[in-house]
Amino acid sequence: MKLRKVTAASATVFALALTATACGGDNSTGGGSGSGGGKTITVGIKFDQPGLGQKTPQGYAGFDVDVATYVAKKLGYKADQIEWKEAKSADRETMLQRGDVDFIAATYSITPERQEKVDFAGPYLLAHQDVLVRADDNSIKSPADLNNKKLCSVTGSTSAQNVKEKLAPKADLQQYPTYSACLSGLQNKAIDALTTDDSILAGYAAQSQFKGKFKLGGLKMTNENYGIGVKKGSDLKAKIDKALKEMVADKAWQEAVDKNLGPANYKNEPAPKIGDIKS
């Protein structure tokens, strides 16, 4: 009887030891410091933006993916140690605040409202609101030329509203469910122009099935400073800033732009200086 009591107590101690080992044995960052040496780092990207962040049968591709992969490498992680998570626009701040991801690179414009909730490294790309038109259409050379034109953007987007309210009040606003639907409308002449960030437009236009069919208007209607979002107060901000500087210095940044957006003849701005946010 006494032996049974000792054995039961020993079993309990052994079970507790196993539990403690299991809890402390996972080196995944899980939204932590992401300083390297762990098993994985979790990164948020878009899954549905060609040329920027896209999930494909072959894996993940795009400029944001290349930037994030470079940054992760500088933080001590190989490509196969990156866990990619979809970061939809409406979910990004929440994902960072909850610690679902270590950082987000997902056409994430730095704004004062967002800076109240999360921190940003960068910016790493200066984009502009622009229009995409058919390659043979030379009628749109300024925002005012969009008056009386059928202007498309996705449902709920602020881009088309910005044009209609501030730049071309007589534009005929058409809201489609996806950018791909807008592209189809542009191709078959149901609409005259598609508007959103020029980097996003270039990513769609760079797809092989659309090569040579569209062109960017070059209107530069707004400044969009893309940053890498991190949790408020995270020490990752300074580390990512350093990695971005190195990416520009060793020309990997320009190579990533040319590879992903170059097929659409995207005329990118020079790599922005860290902390230089254009209003």
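The values are calculated or read from the model by the stated rules, or taken from the named source; none is laboratory data. A quick note: this is a predicted structure, and the numbers were derived from the prediction, not measured. Backbone-built Cβ (ideal geometry, glycine too); neighbour counts: all protein chains shown. What goes into the accessible areas is simple: the full protein's heavy atoms, side chains included, and nothing from ligands, DNA or RNA. Shrake-Rupley method; radii C 1.70, N 1.55, O 1.52, S 1.80 Å.
Observations on the model:
- Net length available on complete extension from T111 to S142 is 8.6 nm, with 0.36 nm assigned per residue and the Cα-Cα distance removed.
- Carbon + sulfur, % of accessible area of the stretch 145-221 - ligands and nucleic acids excluded, 1.4 Å: 45
- Applying a DSSP loop filter and a limit of 12 other Cβ atoms within 10 Å to the trypsin sites (Lys or Arg not before Pro) in the stretch 113-185 leaves K141, K170.
- If a spin label sat at a point 7 angstrom from the Cα of V248 along the line to its beta carbon, the backbone N atoms of the stretch 89-117 nearer than 16 Å would be those of 110.
- GNM on the chain, alpha-carbon springs under 10 angstrom: the most fluctuating residue among P143, P112, P263 is P112.
- Farthest toward the positive end of the dipole of the chain, out of A127, S89, L146, is the Cα of S89, where the dipole comes from beta carbon charges about the Cα centre.
- For the residue pairs K55/K259; K170/K211; K164/K242, the alpha carbons lie more than 28 Å apart in K170/K211; K164/K242.
- Probe 1.4 Å, accessible area per residue of the stretch 158-260, Å²: 47
- By the rule of a C-alpha distance below 15 Å, with chain neighbours fewer than 8 residues away ignored, the aspartates and glutamates paired with K74 are D66, D102, D235, D241, E246, D250.
- Annotation for the stretch 77-139: GluC sites (Glu not before Pro) lying in DSSP loop with at most 12 further Cβ atoms inside 10 Å of their Cβ are E116.
- Selected from L216, Y226, I104, residue furthest toward positive end of dipole (the chain; charges at beta carbon): I104
- Links that overshoot a 22 Å alpha carbon limit, given the list K85/K220; K78/K239; K150/K267; K88/K150: K85/K220; K150/K267; K88/K150
- Computed from label points 7 Å out along Cα-Cβ, the spacing between A90 and K78 is 3.9 nm.
- Heavy-atom accessible area ranking, 1.4 Å probe, most first, across M221, M247: M221, M247
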